[in-house]
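I have a structure I would like to understand better, so I am pasting it below and will then ask my questions one at a time.
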Amino acid sequence: MTTDEATLTSARARPALWRDAKIRGIAYQVVFVAAVAGFIALIVHNAIANIGRQNIATGFGFLHREAAFGIGESLIEYSPADTYARALLVGLTNTLHVAALGIVLATILGTLMGLARLSSNWLVAKLARVYVEIFRNIPLALQLFFWWGLLDKMAPGPRQAWQILPDVFVSNRGIIYPVPLSNPAYKWVVAALGIGVVAAIGLHRWAKRCQAATGRQFPTGWVALALIIGLPAAVFLGFGAPARLDVPVLKGFNFSGGDAVSPEFAALLIGLVVYTGTFICEIVRAGILAVNWGQSEAAMALGLRSSQRMRLVVLPQALRVIVPPLTSQYLGLTKASSLAVIIGFPDLVSVANTTMNQTGQAIEGITVIMAVYLSLSLAISLAMNVYNRAVALVER
Amino acid sequence: MSDARTVPMIELQSVNKWYGEFQVLKNIDLQVGKGEKVVVCGPSGSGKSTMIRCINRLEEHQRGRIIVAGIELTSDLKNIEAIRREVGMVFQQFNLFPHLTVLQNLTLAPIWVRKLPKKEAEEAARYYLGRVRIPDQADKYPGQLSGGQQQRVAIARSLCMKPEIMLFDEPTSALDPEMIKEVLDVMIELANEGMTMVCVTHEMGFARTVADMMVFMDKGEIVERAAPKDFFAAPKNERTKAFLSQILAH
Ligand SMILES: Nc1ncnc2c1ncn2[C@@H]1O[C@H](COP(=O)(O)OP(=O)(O)OP(=O)(O)O)[C@@H](O)[C@H]1O
Ligand SMILES: [Mg+2]
């Protein structure tokens, strides 16, 4: 009986081969893969023939040779006597440095601007709108030249440096700012900060359980803030507040003391953040607007306060709309950081460029760049997908 | 507490509201006593929704006074919050929270506004789910329910706040005919238990059964108000007559 039915349905579901959607699908894929493979084979063959004719070395052996070129700034130890591999690693860390900082800052800026655009305050909303319209519509490369020109070309020498904040100077040597002088007390302050954070997390857990059990709401936010800021502050004061800063002071033709970021790094970071921030702003705004006003009204009618409405009803629904396009922005920012090459910041592409010029091994250089950006992008996608799944709607 | 009906739960005194130049509400006077049921009807655009949304401040009135459960509605957030705690509202579009399960929909406000322990809130939620006759859907998401079930969840969600007053804005207009009855049955039961209710609806059968007073609105005004038997048998105003003959025709 059941087998009868099964044969019957399978007989019905067996049209002519060329009309079967499944078989067609497979056929298209086979043809596509074959075409791509053929194209790649052609290119590889061509490249090998050309390289053979021009007597260029192949393989990644060059990575172990001495790079013999300097790199303007580096997070890790580097000298021209190091290998090409080391030089490329310097480029990679610089790329990661600017991309990671850029993602965090662009998210903060974009979110604030997105909320500002929705503000009922006319001036705030308009200013945010102007920001978006200006910086979204100018090509990023142009903006990078602008910031770089401002920081490197227009900025005065150290002697006439612009003081933008107390003890923070902008000159053509970069942005120079004070840093705390090292002191044994700081170790304890950092430890206190760690304890404060752990205590705050514990408190949050406890407050949640307490609310579930008794309904009493604990002002977790404020107490946590007090713990995280107060504990280190208490330790700091306990050590007699050793607030000695290493303040930059003009000595001769340059500043000594403090710490500095180069005009190139600052220009690249500002450019990436300001540009990507406009898109994130629009994404955040669209995400919040995508949540039906009826949801807010229902929450209001239930007596939830505006902060509770945002946190418990609107944001959880907005995040689902926000996260996927946010991922593209993070990827975009990371890839756009390769524009560093046009203002001379030694990111991966810039270093690889120099490497290729010196060794002539363009294919290997490009391969390295592509492999790195591909892995970076995949890593970001993966992380964001995990996050997305956590906030995704179960709904139906 | 002499006669419960004399205690006004909702009082609107010459309430006026404008959208720009356009006047939506014109000198609305309305008193609803404790346990009283008022059914509001009228043609589309006559200001019915606007009026009941003023009662819990989803809309702001510009002139006149609104006093709910003894608290006057002003721009004072504390008063607004206090009133919203006492007033439940059911919308035409249900407006359930799609990211929360049915149970979480029901416990959200009791936990965050009434500050109930989770367990207590869940017990109450399950009780009200039983009352609206869907005790076994607690762990589903709103999107997995039929329209009639969603609207009943919405009613239960409001009831979980133990409101003194329930407002309904065309609760059955978005429903298929076979689901309308299941929602109306729940509302009738609620009415029989003495809940103070203001309903905007065109379900005249329901109005006849539960209403203490019928209110007919047109062009932002209350044109006629009467007990249901007088309202349906002998409407005084021409506009009411025209409206009733139209709506009772089908
Ligand atoms: N936000 C608004 N801005 C401008 N006009 C509005 C707004 N909301 C409602 N109106 C107008 O106010 C009038 C009353 O609207 P309301 O929604 O109260 O009518 P209603 O009686 O509930 O109609 P319906 O039966 O169609 O729901 C309508 O003419 C409508 O166009
Ligand atoms: Mg309406």
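The values are calculated or read from the model by the stated rules, or taken from the named source; none is laboratory data. Predicted model, so just to flag it, every value in this text is computed and none were measured. Methodologically, a virtual Cβ is constructed for each residue, glycine included, from the backbone with ideal geometry; neighbour enumeration extends over all protein chains shown.
Here is a check on your reading of the model: is residue B:158 surrounded by fewer than 19 Cβ atoms within 10 Å (Cβ to Cβ) and either more than 8 Å from every other protein chain (Cβ to nearest Cβ) or at pLDDT 95 or above (or both)?
no
Do any residues in the stretch B:232-249 that are closer than 16 Å to residue B:203 by Cα have Cβ atoms under 7 Å from those of residues that are assigned to a loop (DSSP other than H, G, I, E, B), where the two are at least six apart or on different chains, and which pairs are they?
Qualifying pairs under 7 Å: B:243/B:42; B:243/B:43; B:244/B:235; B:247/B:202.
Would you be able to say whether some residue in the stretch A:148-159 is in contact (Cβ under 8 Å) with a residue 40 or more places away in the chain and within 23 Å of the chain's Cα centre (by Cα)?
yes
What number goes with the only condition from (1) in a helix (DSSP H, G or I); (2) modelled with pLDDT under 90 that residue A:396 does not pass?
Residue A:396 satisfies all of (1) in a helix (DSSP H, G or I); (2) modelled with pLDDT under 90 except (1).
In a strand (DSSP E or B), surrounded by fewer than 22 Cβ atoms within 10 Å (Cβ to Cβ), without any contact (Cβ under 8 Å) to a residue 24 or more places away in the chain and away from ligand 1 (no atom under 16 Å from the Cβ): does that describe residue B:31?
So residue B:31 fits the description; yes.
Just the residues that are assigned to a strand (DSSP E or B) and away from ligand 2 (no atom under 16 Å from the Cβ), please, taken from the stretch B:7-23.
Within the stretch B:7-23, B:8, B:9, B:10, B:11, B:12, B:13, B:14, B:15, B:16, B:18, B:23 meet the criteria.
Take the stretch B:45-73 and flag every residue that is away from ligand 2 (no atom under 16 Å from the Cβ) and out of contact with any helix residue (DSSP H, G or I) (no Cβ under 8 Å at 6 or more places or on another chain).
B:62, B:63, B:64, B:65, B:67, B:70
Restricting attention to the stretch A:289-328, report how many residues are more than 17 Å from residue B:98 (Cβ to Cβ), surrounded by fewer than 20 Cβ atoms within 10 Å (Cβ to Cβ) and more than 10 Å from chain B (Cβ to nearest Cβ).
Qualifying residue count, the stretch A:289-328: 5.
With the checklist (1) buried (at least 16 other Cβ atoms within 10 Å of the Cβ); (2) under 18 Å from the mean Cα position of the chain (by Cα); (3) away from chain B (no Cβ under 14 Å) in hand, flag the one item residue A:361 doesn't pass.
(2)
Please enumerate the residues belonging to the stretch A:343-376 that are hydroxyl-bearing (Ser, Thr, Tyr), closer than 20 Å to residue A:269 by Cα and either modelled with pLDDT under 90 or touching a Gly at 6+ places or on another chain (Cβ under 7 Å) (or both).
Within the stretch A:343-376, just A:350 meets the criteria.
Among the candidates A:295, A:329, A:308, A:317, single out the residue that is in contact with a His (Cβ under 6 Å, 6 or more places away or on another chain), polar (S, T, N, Q) and at pLDDT 90 or above.
Going through A:295, A:329, A:308, A:317 in turn, just one is in contact with a His (Cβ under 6 Å, 6 or more places away or on another chain), polar (S, T, N, Q) and at pLDDT 90 or above: A:317.
Is it the case, given these coordinates, that residue A:367 is of a type in the set (S, T, N, Q) and without any contact (Cβ under 8 Å) to a residue 40 or more places away in the chain?
Against the criterion (of a type in the set (S, T, N, Q) and without any contact (Cβ under 8 Å) to a residue 40 or more places away in the chain), residue A:367 qualifies.
Report the residue count in the stretch B:85-109 for those that are under 16 Å from residue B:159 (Cα atoms) and either modelled with pLDDT under 95 or within 16 Å of ligand 1 (Cβ to nearest atom) (or both).
Of the residues in the stretch B:85-109, 7 are under 16 Å from residue B:159 (Cα atoms) and either modelled with pLDDT under 95 or within 16 Å of ligand 1 (Cβ to nearest atom) (or both).
Would you point out the residue of the stretch A:77-93, among those that are under 20 Å from residue A:373 (Cβ atoms) and of a type in the set (A, V, I, L, M), that is surrounded by the fewest Cβ atoms within 10 Å (Cβ to Cβ)?
A:85
Next question, about the same structure. For residue A:268, are the conditions met, namely being within 9 Å of chain B (Cβ to nearest Cβ), farther than 16 Å from residue A:110 by Cβ and either aliphatic (A, V, I, L, M) or surrounded by 20 or more Cβ atoms within 10 Å (Cβ to Cβ) (or both)?
Judged against the criteria, residue A:268 is not a match.
Within 16 Å of ligand 1 (Cβ to nearest atom) and either at pLDDT 95 or above or under 15 Å from residue B:164 (Cα atoms) (or both): which single residue out of B:44, B:49 fits that description?
It is B:49.
If you don't mind, another one. For the subset of the stretch B:184-202 comprising residues that are farther than 15 Å from residue B:35 by Cβ and within 16 Å of ligand 1 (Cβ to nearest atom), which member is modelled with the highest pLDDT?
Looking at residues that are farther than 15 Å from residue B:35 by Cβ and within 16 Å of ligand 1 (Cβ to nearest atom), I get B:200.
How many residues does the stretch B:76-129 contain that are at the interface with chain A (Cβ under 8 Å from one of its Cβ atoms) and among the charged types (D, E, K, R)?
The number of residues fulfilling the criteria is 8.
Across the stretch A:171-191, what is the number of residues that are part of a loop (DSSP other than H, G, I, E, B) and over 28 Å from the mean Cα position of the chain (by Cα)?
Result for the stretch A:171-191: 3.
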